[in-house]
Amino acid sequence: MSLKYGKFEMPERIKTDGAAQTATFSRFIVEPFERGFGHTVGNLLRRIMLASLEAPAIISIRIEGVPHEYMAIPGIIQDMTHIVLNLKGALLRRPNIDTYAHPRDVHTVTKQLDITEDMIEKGGGEYVVTVKDLFSGSDYEVVNPTHVLFSVTKPMSKRVDIKVGTGRGYVPSERHVFEKNIDEIIIDTSFSPVRLVNYYVENTRVGQDTDFDRLIIEVKTDGRVSPHEALAYAAQIGIHHLQVFQTITSHGIHFGKGESTNNRDRDEILQKLALRIDEIELSVRSTNCLENANIKTIGELVVISEAEMLRYRNFGKKSLTEIKQKLDELGLTLEMDLGKYGINRDNVKQMIQTYMQEKVGNVEI
């Protein structure tokens, strides 16, 4: 037996704030949600990203001739305690998923560290050992290869064995479970690759209603996963945990698509196309360039190609980037195909004129 529910407003895509995006930070904008669902989804994704994502990290080290972490090492400036603290800052990306049959197993990276007199002289009296020196040739990608581990002042040759595990959250040294060797120093490990997640919920418009939710999620990682990967993994983990509740389904639900969907979609797109250029807060330079090109509305703008925009006088790539960003915030693009709404370059101005006359009376554009 199946029950029919009314339509839920659902986002169709996820937008990214390009102006704020870096390799480790992204701001995602998702809309529209039914009222209340912005907080529900945002809080779920935030908690999963902060607590449940996996990444590789160093869990132990063994340096030849160093029996414990409370000692100084001849020829090395830092003591072993300092070196262990530096190792906690090494950031590794998970190897290719096909590299190991069981990626959650502990893997050992062995390096013969040979420091010569010439290497020390070139460094001005010391050779700085970085993460790259220990992981070169391994299956792991190093996110911060220049991260300093220790400095050597005398020629030496030592074998270094590092164990790398994959896990979640923060794990103290005594909770690591693997076969330990003599002289091996176990390290407290932070596996979580996500440093910060914020989410905000704002009102957004659907048709004439303004009480729907716009969800904004800000994600900052340490580079072991990208913000896009973090959000994608969190969504999959959430869906995975909700699957168990399908077992209690006694009645299926199918959702209505709403009435006059095509008309409403057309009305929504025309609302955006009818916006005047001076209503979208462009810079003075970009606004003047569009006015000189006799482009007065968003509708007249979106039917133009990027190449054509760049041919306008005094119009450069900086202005083009600004306009594309503003259009993306509205869910629009340059050279947009509006054929399904019966709108094209030849009639867009007349269609906007007719729409405004129907909505607010006789308005001249």
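Restricting to the stretch 265-284, name every residue that is β-branched (Val, Ile, Thr) and either under 16 Å from GLU358 (Cα atoms) or part of a helix (DSSP H, G or I) (or both).
Start the filter on the stretch 265-284 by keeping residues that are β-branched (Val, Ile, Thr), which leaves 269, 277, 280, 284.
Those that are β-branched (Val, Ile, Thr) and either under 16 Å from GLU358 (Cα atoms) or part of a helix (DSSP H, G or I) (or both): ILE269, ILE277, VAL284.
Scan the stretch 166-191 for residues that are of a type in the set (A, V, I, L, M) and either over 20 Å from ASN86 (Cα atoms) or without any contact (Cβ under 8 Å) to a residue 12 or more places away in the chain (or both) and report the count. I'd like the intermediate steps shown before the answer.
Keep residues of the stretch 166-191 that are of a type in the set (A, V, I, L, M), which gives 171, 177, 182, 185-187.
Filter again for either over 20 Å from ASN86 (Cα atoms) or without any contact (Cβ under 8 Å) to a residue 12 or more places away in the chain (or both), leaving 177, 182.
Of the residues in the stretch 166-191, 2 are of a type in the set (A, V, I, L, M) and either over 20 Å from ASN86 (Cα atoms) or without any contact (Cβ under 8 Å) to a residue 12 or more places away in the chain (or both).
Restricting to the stretch 147-203, give me the number of residues that are under 27 Å from TYR127 (Cβ atoms) and among the small types (Gly, Ala, Ser). Counting residues in the stretch 147-203 that are under 27 Å from TYR127 (Cβ atoms) and among the small types (Gly, Ala, Ser) gives 2. For the stretch 160-207, taking the residues that are part of a strand (DSSP E or B) and among the charged types (D, E, K, R), the one that is surrounded by the most Cβ atoms within 10 Å (Cβ to Cβ) is identified as LYS163. Here VAL30 meets the list (1) within 18 Å of PRO145 (Cα to Cα); (2) open to solvent by less than 60 Å² (accessible area, probe 1.4 Å); (3) in contact with a Gly (Cβ under 9 Å, 6 or more places away or on another chain) almost entirely, failing just condition (1).
Does LEU242 fit the bill of being open to solvent by less than 80 Å² (accessible area, probe 1.4 Å) and among the hydrophobic types (A, V, I, L, M, F, W, C)?
On the way: open to solvent by less than 80 Å² (accessible area, probe 1.4 Å): no; among the hydrophobic types (A, V, I, L, M, F, W, C): yes.
Answer is no for this residue.
Look at ILE298 and say whether it is surrounded by 11 or more Cβ atoms within 10 Å (Cβ to Cβ), closer than 17 Å to ASP328 by Cβ and aliphatic (A, V, I, L, M). Please lay out each step first, then the result.
Details: surrounded by 11 or more Cβ atoms within 10 Å (Cβ to Cβ): yes; closer than 17 Å to ASP328 by Cβ: yes; aliphatic (A, V, I, L, M): yes.
For ILE298, the condition - surrounded by 11 or more Cβ atoms within 10 Å (Cβ to Cβ), closer than 17 Å to ASP328 by Cβ and aliphatic (A, V, I, L, M) - is met.
Any residue at all in the stretch 211-218 that's part of a strand (DSSP E or B), free of Cβ contacts under 8 Å to residues at least 12 places away in the same chain and open to solvent by 30 Å² or more (accessible area, probe 1.4 Å)? Looking through the stretch 211-218, none of the residues is part of a strand (DSSP E or B), free of Cβ contacts under 8 Å to residues at least 12 places away in the same chain and open to solvent by 30 Å² or more (accessible area, probe 1.4 Å).
The values are calculated or read from the model by the stated rules, or taken from the named source; none is laboratory data. Every value quoted in this text rests on a predicted model; they were computed, and no experiment measured them. So basically every Cβ, Gly included, is an ideal-geometry build from the backbone, and we count neighbours across all protein chains shown. Surface areas here come from the heavy atoms of the whole protein model, side chains and all, with no ligands, DNA or RNA. Shrake-Rupley method; radii C 1.70, N 1.55, O 1.52, S 1.80 Å.
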